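Comments concern the structure below.
The values are calculated or read from the model by the stated rules, or taken from the named source; none is laboratory data. Everything quoted here is computed from the prediction, not taken from an experiment. Glycine also receives a Cβ, built like all others from the backbone with ideal geometry; neighbour counts cover every protein chain displayed.
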Amino acid sequence: MTILLEKETDISFGIEYERIAEEIIKATLEYVGCPYECEVNILLTDNKGIQETNKDMRGIDTPTDVLSFPMIDFQAEADFSLAENDVSLFNATTGELLLGDIMISLEKVKEQAEQYNHSIKREYAFLIAHSMLHLSGYDHMEEDERIRMEHIQDEILQQIGYTRDITD
C-alpha cells in the first residue's frame with residue numbers, strides 16, 4: 001500500500017497524520033474486501049484550499065470537511081471487478097490499484113472535533129474512513145445510504161480503537 005500525503009497548510013495538530021491514515025486506509029480496505037494493494041493520495045489543506053476545489057469540482061462555493069475523488073466508476077459498492085481488465089487503473093511501476101484522492105481541511109477537522117466533542121485524532125480518522133468508503137464505491141445520496149455508511153465508518157473506527165473518547 002502506498003499513501004502519498006501532502007500538506008499545503010501550516011496548520012498542525014502534532015498528530016501522526018501518515019500513521020493514522022495508514023491504519024484507517026488498511027482497515028477500510030480490509031473491511032470492504034479490496035483484493036488489491038492500493039495507492040491513495042491525501043492532500044491536507046485549509047478551508048480556503050478546499051473551498052476552491054469544492055467550487056471548481058462541484059460548483060459549491062463553500063469550504064467542506066473532506067472531498068473524495070475515486071478513480072473507479074463503481075457500479076456497486078466495493079465491487080472492484082471493474083478494475084480487473086483496466087490497466088489504466090494501476091500504477092505501472094508498483095502494480096497498485098490507483099484508488100483515488102482525498103482532500104481534507106484541517107480547519108474543519110478542528111471545528112468538527114470541537115462540535116462533536118471528540119478528539120482531533122478521531123475526527124481526522126473519521127474523515128479518512130468516510131472518504132475511503134467513497135473511494136470504494138459507497139455513497140450517501142439517500143437517507144438509507146447515509147445511515148449505512150455511518151454505521152460502516154463507526155464499525156471500522158471501533159475495530160481499530162478510534163472511539164469518540166480517545167484523546168489527542
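Restricting to the range 141-155, count the residues that are acidic (Asp, Glu) and in contact (Cβ under 8 Å) with a residue 60 or more places away in the chain. First the steps, then the outcome.
First, the residues of the range 141-155 that are acidic (Asp, Glu): 142-145, 150, 154-155.
Cutting the leftovers down to in contact (Cβ under 8 Å) with a residue 60 or more places away in the chain gives us 155.
Number satisfying all stated conditions: 1.
When you go through PRO35, PRO63 one by one, which is the residue that is surrounded by 20 or more Cβ atoms within 10 Å (Cβ to Cβ) and either more than 17 Å from the chain's Cα centre (by Cα) or more than 23 Å from ILE160 (Cα to Cα) (or both)?
Working: PRO35 fails: surrounded by 20 or more Cβ atoms within 10 Å (Cβ to Cβ).
Within the list PRO35, PRO63, the selection yields PRO63.
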Checklist line | Residue in the range 103-123 that is touching a helix residue (DSSP H, G or I) at 6+ places or on another chain (Cβ under 8 Å), within 16 Å of LYS26 (Cβ to Cβ), touching a residue at least 24 places away in the same chain (Cβ under 8 Å) and not small (Gly, Ala, Ser) present | finding: no
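Name the strands (runs of 3 or more DSSP E) wholly within the range 1-112 that hold at least 3 residues that are of a type outside the set (A, V, I, L, M, F, W, C)?
Numbers: elements: 2-7, 38-45, 66-70, 97-105.
Counting at least 3 such residues, we get 2-7, 38-45, 97-105.
When you check ASN54 against the structure, is it at pLDDT 95 or above, of a type in the set (S, T, N, Q), more than 23 Å from ALA113 (Cα to Cα) and out of contact with any Lys or Arg (no Cβ under 7 Å at 6 or more places or on another chain), yes or no?
Values: at pLDDT 95 or above: yes; of a type in the set (S, T, N, Q): yes; more than 23 Å from ALA113 (Cα to Cα): no; out of contact with any Lys or Arg (no Cβ under 7 Å at 6 or more places or on another chain): yes.
When the stated conditions are applied, ASN54 does not pass them.
If I filter the range 131-168 down to residues being in contact with a strand residue (DSSP E or B) (Cβ under 6 Å, 6 or more places away or on another chain) and of a type outside the set (S, T, N, Q), which single residue comes out as surrounded by the most Cβ atoms within 10 Å (Cβ to Cβ)? Walk me through it before giving the result.
Our first condition is that a residue be in contact with a strand residue (DSSP E or B) (Cβ under 6 Å, 6 or more places away or on another chain); within the range 131-168, this holds for 131, 134-135.
Going one step further and asking which of them are of a type outside the set (S, T, N, Q), we end up with 134-135.
On the way: HIS134: 19, LEU135: 24.
If we take residues in the range 131-168 being in contact with a strand residue (DSSP E or B) (Cβ under 6 Å, 6 or more places away or on another chain) and of a type outside the set (S, T, N, Q), then LEU135 is surrounded by the most Cβ atoms within 10 Å (Cβ to Cβ).
When you look at ASN41, is it in contact (Cβ under 8 Å) with a residue 60 or more places away in the chain, over 23 Å from GLU155 (Cα atoms) and either of a type outside the set (Val, Ile, Thr) or surrounded by 14 or more Cβ atoms within 10 Å (Cβ to Cβ) (or both), yes or no? Quick ask: steps written out before the conclusion?
Numbers: in contact (Cβ under 8 Å) with a residue 60 or more places away in the chain: yes; over 23 Å from GLU155 (Cα atoms): yes; either of a type outside the set (Val, Ile, Thr) or surrounded by 14 or more Cβ atoms within 10 Å (Cβ to Cβ) (or both): yes.
Spelling it out, ASN41 is indeed in contact (Cβ under 8 Å) with a residue 60 or more places away in the chain, over 23 Å from GLU155 (Cα atoms) and either of a type outside the set (Val, Ile, Thr) or surrounded by 14 or more Cβ atoms within 10 Å (Cβ to Cβ) (or both).
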Next item on the list: Filter the range 123-168 for residues that are of a type in the set (Val, Ile, Thr) and either part of a helix (DSSP H, G or I) or farther than 17 Å from ARG19 by Cα (or both) and give the result.
Entry: ILE128, ILE147, ILE152, ILE156
Note to self: Could you list, ordered by first residue, the pairs with Cβ atoms under 7 Å in which the first is in the range 125-140 and farther than 13 Å from ILE42 by Cβ and the second is surrounded by 24 or more Cβ atoms within 10 Å (Cβ to Cβ) and of a type in the set (Lys, Arg), at least 6 apart or interchain?
What the structure shows: none
